[in-house]
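**Q** Sharing a structure with you now.
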Amino acid sequence: MAEGTVQVIVVAVIAAGLIFALSNGLHDASSVVATFIACGAASPGAAVLLASCFGLAGAVFGGSLVANTISSIIDLPASAPLLYVLLAAIVGATLWNAVTWGFGLPSSSTHALIGGIVGAVIVSSGPSHVLWGVRELAVAGHQFVGIVKIVVSLGLSPLLGFVLAFAAEKAAMLLLRNAKAAANKWLKRLQWVVTAGLSFSHGANDTQKILGLIILALAAGGGASASTVPIWARLGSGAFLFLGTLLCGWRIMKTVGRGIYELKPVHSLSAQLSSAMSLLFANATGAPVSTTHVVVGTVMGVGAADNYRMVNWKVVKDIIVSWVITIPAAGAAAAVVYLVLGVLFRAITR
């Protein structure tokens, strides 16, 4: 492949990555502030501005453990078209994000990206070139790596959020059983601090997923080490992530903030505190989790603790269905995109 062509594709991968970050903002970043807004603790504009600032800080200062986890699941031979695989994976994930956003379903951008990577790798080189992590778990020191680590993280994170939020809400109900209505003022103020921490953790976790693919693209193009994340990539990914919230994140906010349970300030505080704790743990272990999954899990947890009969379980069921089908759907989309790119490449190089 000519050097000029390589550089064009690297730029295309980076551009697609930034667009994916924007679509991620439509999903996960909007979930960060959904309960904050729904309970009346902040106006939409103020909540988004807070999340944008601290989320960008998380993208810049949040480390690289999650990025390393994402980049390690691709194990292609030297002859494989890595740049086309990366481009197809990102475009496929973005297409699925657009579909679920259109229906207002808070699906997982992480699921979509993982599905896109797996689909593109399989159609290009076969399933043996995905680091599944099964052998490493069973034989090589019982290590959690690759797809196994990601699937376990994605499965356990909303469950952890649910349990933490359930416990936090029960504790709050006990501590505030004799509190007067004026206590809501302080609960709302405290949420500003908790939301800032949650936004930082979200920015650190979610931007790293796309950064993992961007550094692979830069390394393939000869422009950077595969272990180095340039500061411009962090700033760009963080900016586009929260640009999505500023533009069109309100559909998902409505579903998470009002569609599952009628949230009061104490519910929102319990949910956000539990979400922040879950994401901090994920960042420390390099686990790529879905902020949307975690937040939805915590909203379900506070609702179940307060009055489980009032939880809109039908909406919860629709959300779970979208979670289940996201990986195969995004994988199929990425596979189609890869095949189309192959046809276009052959047509251009004739």
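**Q** Heavy atoms only, probe 1.4 angstrom, no DNA, RNA or ligands counted: give me 300, 310, 277 ranked by accessible area, highest first.
**A** Of 300, 310, 277, the descending order of accessible area is 310, 277, 300.
**Q** Let me ask something additional. Sorting 103, 242 by accessible area (1.4 Å probe), largest first, what list results?
**A** 103, 242
**Q** Taking square-rooted eigenvalues a ≥ b ≥ c of the alpha carbon gyration tensor, is the range 268-336 rounded, prolate or oblate, where a/c under 1.5 means rounded and, failing that, a/b exceeding b/c means prolate?
**A** The shape class here is oblate.
**Q** Whose amide H sits under 5 Å from the amide H of residue 132, counting only residues 5 or more places off or on another chain, with H placed in the peptide plane?
**A** HN-HN under 5 Å from residue 132: 147.
**Q** Give, rounded to the nearest 20 debye, the magnitude of the charge dipole that the chain has about its Cα centre when Lys and Arg contribute +1 at Cβ and Asp and Glu contribute -1 at Cβ. Kindly include the intermediate steps, with their values, before the conclusion.
**A** Numbers: 19 positive and 9 negative charges, 181 e Å.
For the chain, the charge dipole is close to 860 debye.
**Q** Cα atoms only, the range 87-229: Rg and Dmax in Å?
**A** 20.5, 64
**Q** Below 8 Å, C-alpha to C-alpha, sequence gap of six or more: please give me the relative contact order for the chain in percent.
**A** That works out to 38 percent.
**Q** Using only DSSP helix segments of four residues or longer, with each worth -39500 (n - 2.57), what per-residue ellipticity at 222 nm results for the chain after dividing by its residue count and rounding to 500?
**A** Taken over the chain, the calculation gives -26000 deg cm²/dmol.
**Q** When all protein chains stay in place, what accessible area (Å², nearest 10, 1.4 Å probe) is found for residue 308?
**A** Looks like 120 Å² after rounding.
**Q** Would you work out the relative contact order for the range 1-119, in percent, from Cα pairs under 8 angstrom that are 6 or more residues apart?
**A** Numbers: 75 pairs, mean separation 44.1, N = 119.
Relative contact order, the range 1-119: 37 percent.
**Q** Here's something else I'd like to know. For the range 121-133, take each phi angle, set θ = phi - 60°, evaluate the Karplus expression 6.51 cos²θ - 1.76 cosθ + 1.60, and give the result in whole Hz per residue in order, putting x for glycine and proline.
**A** 5, 4, 6, 8, 9, x, x, 5, 9, 9, 7, 6, x
**Q** Quick one: how many Å² of residue 232 are accessible to a 1.4 Å probe, rounded to 10?
**A** Surface open to solvent at residue 232 totals about 130 Å².
**Q** Work out the P(r) tail for the chain: percent of alpha carbon pairs separated by more than 32 Å, whole number. Don't skip to the end; give the middle numbers.
**A** On the way: 17117 of 61075 pairs.
So the pairs more than 32 Å apart make up 28 percent of the total in the chain.
**Q** Under the rule a/c < 1.5 gives rounded, and otherwise a/b versus b/c splits prolate from oblate, where does the range 21-70 land using the Cα gyration tensor?
**A** Judged from the Cα gyration tensor, the range 21-70 comes out prolate (a/c at least 1.5, a/b above b/c).
The values are calculated or read from the model by the stated rules, or taken from the named source; none is laboratory data. Quantities reported herein were computed from a predicted structural model and do not represent experimental measurements. Please note: Cβ atoms are built from the backbone with ideal geometry, for glycine as well, and neighbour counts cover all protein chains shown. Accessible surface is based on the protein model in full, side chains and every heavy atom, while ligands, DNA and RNA are left aside. Shrake-Rupley method; radii C 1.70, N 1.55, O 1.52, S 1.80 Å.
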